[in-house]
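Before any comments, here is the structure.
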Amino acid sequence: MTRLLFLVILFFATLAEAAPLWMDFDSSGGTRVTVKGRVKSPILDTAVRELALHYDGDVTIDLKSDKSLGRDGFAISETPGGITITASKPQGALYGAYRLLRNVKAGYPAASGRSVPAYGLRILNHWDNLDGTVERGYAGKSLWKWEELPATVSPRYEEYARACASVGINAAVLNNVNASSRILSAEYLEKVAALADVMRPYGIAVCLSVNFASPVQLDSLPTADPLDPAVARWWKRKADEIYRLVPDFGGFLVKANSEGQPGPMDYGRTHAEGANMLARALKPHGGIVMWRAFVYSPLDEDRAKQAYLEFQPLDGAFDPNVIVQIKNGPIDFQPREPYSPLFGAMPSTPQMVEFQITQEYLGHANHLAYLAPMWTEFYDYVAPESIVASSGVANIGDSECLTGNPMAQANWFAFGELSWDPHATPAEIADEWLRLSVYRRDAAPDAAVHDALMSMMLDSREAVVDYMMPMGLHHIFAFGHHYGPEPWCDVPGARADWLPRYYHRADSAGLGFDRSPSGSDAVGQYPEPLRSRLSSIETCPEEFLLWFHHVPWDYTMPSGMTMWEQLCASYQRGVDKVAGFQRVWDMAEPVVIPGLYADVRGRLMTQMRDAEWWRDACLLYFSQYSGRPIPLDIPRPVHTLDDMRAVNLGITNFESPAPQLLNKAR
Ligand code: BDP
């Protein structure tokens, strides 16, 4: 008995170590959980267990049919006998249970009423490779230990599933969109099934990225032509095999004819023909195809126009169980992009948004960038009701805190929250995340500290925009890893639209990409009245100015500054903001969990150095074209352009080049 108790404690201790900060709920002092309308369900069992372990008091889970709550909705009310969680289905009860535990831990009223998610599918996309590396991952290696599966099932899988469920995430694509066909081999499907078994009690459906050429690569079929009956049969049999192992399998995510991946166009077929063939294999089992619109074949000289040109004409051609997955912006997860004009342009096609939670273009795991403001900005333009699902490229790996930078847990959390309620505000989400995650149990923050941390979070993404790419600049990153600045970058033989010059177009006349009607006319893909607003340099929102216009250096901005002066001021503002974050963090030290404080303090130092590096690189580089000096109210550069050009940016995922740069500069 004692031994059993010990093992139980050990088990939960292991879980606690891997848990994201927001999941560190108190242990219950005494709970009575009553279930009315009990159905046999592992998901319901999870809800009951979580409440029993972590809630103090009496809870009734009232399962009764209520159409308005749907599968996932719930209501939490105060009743004479304690708290009642009402739900139609076990999923709703589980989400209600987590909502209740979060309410208590955050110090919010327990009975928070009704809540029904906007989207039925709230899905993380892991870009994890089968060799344990993670494409654009900055949180260690893959969480999935493919080599150990299915025999060994790490306790961290359950901790992951639990964290996802606690913020309403209900599906996960396990592997990279640049997919190895091996994931569909019998050997790997067993491993997938083992992961699915862990995720099932948390209501998480497992999905896979598939390589369109799998029939050729795995089973030596002569072709992967989607109209070839043998190919369709292969996929049908493969789907049957998957569902035998994973009856609640979610579906396929497909990157086809994009960045060298195979696809239907290799056989003269369309995206729709390829997607529909897969969709028909999955349909009898209730599965879906998420077909990516991240394509940029040179149908037009402007990369920003290409996905629209390739996909918009296919509106209405996809089967009903296909969802077209579109990145939030038309290029590629930049610190700021206008929304992709494909949204709203395919009224007869279900669409889902793809956000990037991992910070490929926002300082990897080194920079603090709370991304909820970026995602709600998307919803300012695209009505949440006009899309059917929300997906995000995960920032999760096997690092101790799961996200590399512990503050980046807030982005995983926020993604879940906004997938549930896209009308939630970044401030509401940050408020809860901070209260759940950051403070020591024995030292509640006073309002001033909490407010300062709130402002830091809310301003952090804008700070990154300011010191990297203000005013609509984009893609002036170093080649390949996308970490530091390299506006001068030139790689012989590289596609023009992989190089910064293609995007910034600096010359003696000005800066920015002319996408107005007299330029590439990318504005023409947006609906009126936005199109006209973007078309004119006078009415284009300042944050998108250099995205849509080639602006003269001396152009007078609404602030009264010239474009050049404002550019310089923006870079400096970004640097100043990071300096401010460092001060706020130090001020908060007495109330912040000590290990967290020290970790983030170190990262903010790196971020500060990187911010200066970005400012110096971009201002010194662009001043060669503007022919104007950096205004005197801006601190003088601390690096020289030559030093920065000489830095070898072939960095690994985890190091910032800043120290290398500093050594060089000394
Ligand atoms: C880009 C990444 C690349 C991905 C690609 C994609 O740089 O690693 O494979 O997107 O989304 O952002 O397919």
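Taking the square roots of five times each eigenvalue of the Cα gyration tensor of segment 32-115, the equivalent ellipsoid has semi-axes of 17, 14, 12 Å, listed largest first.
By how many nm would the segment from Ser455 to Asp319 lengthen if fully extended, with 0.36 nm per residue of separation less the alpha-carbon distance? Could the numbers behind the result be given before it?
Values: separation 136, 0.36 × 136 = 48.96 nm, distance 4.51 nm.
Stretched out fully, the Ser455 to Asp319 stretch lengthens by 44.4 nm.
Report the per residue volume, in Å³, of the convex hull enclosing the C-alpha atoms of segment 284-355. Please list the in-between numbers first.
On the way: hull volume 6.0 nm³, N = 72.
Normalising the Cα hull of segment 284-355 by residue number yields 84 Å³.
Let a ≥ b ≥ c be the square roots of the eigenvalues of the Cα gyration tensor of the chain; is it rounded (a/c under 1.5), or, if not, prolate (a/b larger than b/c) or oblate? Could you put the intermediate results ahead of the total?
Values: a/c = 1.72, a/b = 1.23, b/c = 1.40.
In terms of gyration-tensor shape, oblate.
Segment Asp490..Tyr108, full-extension length gain: 132.2 nm, with 0.36 nm per residue of separation and the alpha-carbon distance subtracted.
Expressed as a whole percentage, what fraction of the accessible surface of segment 422-524 belongs to carbon and sulfur atoms when a 1.4 Å probe is rolled over the protein heavy atoms? Each step should come with its number before you reach the end.
Working: 1890 of 3510 Å².
C and S atoms contribute 54 percent here.
The share of alpha-carbon pairs in segment 121-437 lying farther apart than 27 Å comes to 40%.
Test of understanding: what is the full-extension gain from Arg583 to His285, defined as 0.36 nm times their sequence separation minus their Cα-Cα distance?
Numbers: separation 298, 0.36 × 298 = 107.28 nm, distance 5.48 nm.
Computed gain between Arg583 and His285 is 101.8 nm.
For the chain, relative contact order (Cα pairs under 8 Å, six or more residues apart, normalised by length) works out to 11 percent. The distance between label points at Asn178 and Ala509 comes to 3.7 nm (points 7 Å beyond Cα on the Cα→Cβ vector).
Sort 128-134, 278-284, 184-190 by the packing proxy (mean of other Cβ within 10 Å over each peptide's residues), most packed first.
Values: 128-134: 18.1, 278-284: 20.4, 184-190: 16.3.
The most tightly packed comes first, giving 278-284, 128-134, 184-190.
On the basis of the beta-carbon distance and an R0 of 60 Å, Arg441 and Val638 show a calculated FRET efficiency of 0.90. Just name one of Ser142, Gly472, Gly344: the one whose Cα is farthest towards the positive end of the charge dipole of the chain (beta-carbon charges, Lys/Arg +1, Asp/Glu -1). Farthest along the dipole direction, towards plus: Ser142. For Pro284, neighbours were defined as the other residues whose beta-carbon sits under 9 Å from its Cβ, and their charges (Lys and Arg +1, Asp and Glu -1) total +2.
Per-residue ellipticity at 222 nm computed for the chain from its helices equals -12500 deg cm²/dmol, with DSSP H segments shorter than 4 residues left out and the rest contributing -39,500 (n - 2.57). Counted over segment 59-216 with a bin width of 5 Å, the fraction of Cα pairs per bin, in whole percents, is 2, 9, 15, 18, 16, 11, 10, 9, 6, 2, 1, 0, 0.
The values are calculated or read from the model by the stated rules, or taken from the named source; none is laboratory data. Treat the numbers as computed from the prediction; the structure is a model and nothing was measured. As a convention, Cβ positions derive from the backbone with ideal geometry for all residues, glycine included, and neighbour counts pool all protein chains shown. The area values use the complete protein model at the heavy-atom level, side chains included, leaving out ligands, DNA and RNA. Shrake-Rupley method; radii C 1.70, N 1.55, O 1.52, S 1.80 Å.
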